[in-house]
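Notes for the one structure printed next.
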């Protein structure tokens, strides 16, 4: 058997006006051909797919990986390059039995709202109906009709924070191969739900969403179904074909439909439980100022999380600390390439006046003028400590640590690895030694940060990934959609089905 392995991974925030160009992908990963084999032993989706294929002695044809973190819409030329390269590699072989592709699943380009659907449809047209296509996706994917119609298998992450990248790849690989090897081939059913909820309002570590995921896992363990994915569509994707959804894979279509509907009803009925309790910036600062433990207080600035596609250029918390004349020892990372460049020109040990913040989204994130001491300069490359993505390399570009009072500000070109403490540690900022940590992430950070503090506070901050969805300028979502409509009269049995 021959199988092509591909990857196109980017999460789009429709409210981030900055187009995600090829340069943005280059900061993370563009690999072609045998370069993909460097990921074979890594804790990533492709590593899991490779292992599944190796176990069955499948001839692996490495394609192309274009991987980057979240941001604005992807430049259409990047998607075109990916599709053209993928098709060229596929056409170099007379026949391929399967195509395995790692996607995010919530990606929009400057031309297409459904980037993932376009990619899969383009590949399907080339390989034909008999070739298996199996895709892995993020839990926050928007699984469209076009994706379901053109994929035999779709598998989503089952953890949030996402710590099961490798496992998801392995599930995708084994299930895709079962479509080729098993006489009783698996059947896939999708149920769509017209709803989005704040990404910081749930986790698989505890609470009602964790209980729902455990319920799905129990069905797998008892052999009632083969696999399932519960998708909470990331809530900053403003497109027409949008939905949260449930996918169930079973040997019988009727069984898959039964359990998909069951889990979808559970998810729908939990929708009001996913609203996080938000603190104001002042409230969290006061909590930190009165903290008598040796644990740092984490101010969760999820609205400016680049993991959620926000711009990462907010200094709202810094401004509040300066206005209050707070003496809290504080750490924060800010996307501010001009400030990083100025710091490199100024040199370590010198002071100058910096204009900080608002470099990417000045309509929301304001700029402050402040004199800073240049504490250190860096190339921006660091290795994640995990648990998610342990050993993976990130590059935030030329960067610097600026100091104003007791505030240390890491300024950089991009922010990657928001949820990993090495974003601070690698640049001389030990998180456990600060009184206040501003973490620009939704939930991803909890897996690592919960190991050394339980003082974590979701905060009402400005940004393109605002927790308050009612304040975002949605224009293209379907008319009847939660939370913009209560949907109390919505008939759950009339939800949309997709099957393969």
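Every number here is computed from the coordinates shown, using simple stated rules; none is lab data. In this text, all values refer to a predicted model and were calculated from it rather than measured experimentally. As a convention, Cβ positions derive from the backbone with ideal geometry for all residues, glycine included, and neighbour counts pool all protein chains shown.
Structure above, values below:
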| item | result |
| --- | --- |
| Counting DSSP beta bridges with both ends in segment 281-466, the antiparallel % (nearest 5) | 55 percent |
| With 5 Å bins from 0: P(r) over segment 103-237, alpha-carbon pairs, percent | 2, 10, 18, 23, 21, 14, 8, 3, 1 |
| D_trans [Stokes-Einstein, Kirkwood Rh over alpha-carbon pairs] for segment 174-274, 20 °C, 1.002 mPa s, µm² s⁻¹ | 149 µm²/s |
| Packing rank of 469-480, 77-88, 169-180, where each peptide gets the mean count of other beta carbons within 10 Å, highest leading | 169-180, 77-88, 469-480 |
| For segment 281-466, convex hull volume per residue from C-alpha positions, Å³ | 97 Å³ |
| Calculated on alpha-carbon atoms, Rg and Dmax of the chain in Å | 22.6, 71 |
| Three semi-axes of the equivalent ellipsoid, segment 2-274, Cα gyration tensor, whole Å, largest first | 27, 23, 16 |
| Relative packing of peptides 297-307, 405-415 - highest average C-beta neighbours within 10 Å first | 297-307, 405-415 |
| For segment 115-193, average projected area of the Cα convex hull in nm² | 5.6 nm² |
| For segment 32-131, projected area of the alpha-carbon convex hull averaged over all directions, nm² | 6.7 nm² |
| Cβ-based exposure ranking for 376, 218, in which fewest neighbours within 10 Å come first | 218, 376 |
| Full-extension gain in nm, residue 286 to residue 21, via 0.36 nm per residue minus C-alpha separation | 91.3 nm |
| Relative packing of 322-334, 342-354, 255-267, 238-250, which averages over residues the other C-beta atoms within 10 Å, highest first | 238-250, 255-267, 322-334, 342-354 |
| Structure-based [θ]222 nm, the chain - -39500 (n - 2.57) summed over DSSP H runs of at least 4, per residue, nearest 500 | -8000 deg cm²/dmol |
| Model label zone, residue 32; criterion: amide N under 15 Å from point 7 Å along Cα-to-beta-carbon; scope segment 85-102 | 85-92 |
| The chain - percent relative contact order, Cα under 8 Å, separation 6 or more | 17 percent |
| Fraction of antiparallel bridges per DSSP, the chain only, in percent to nearest 5 | 50 percent |
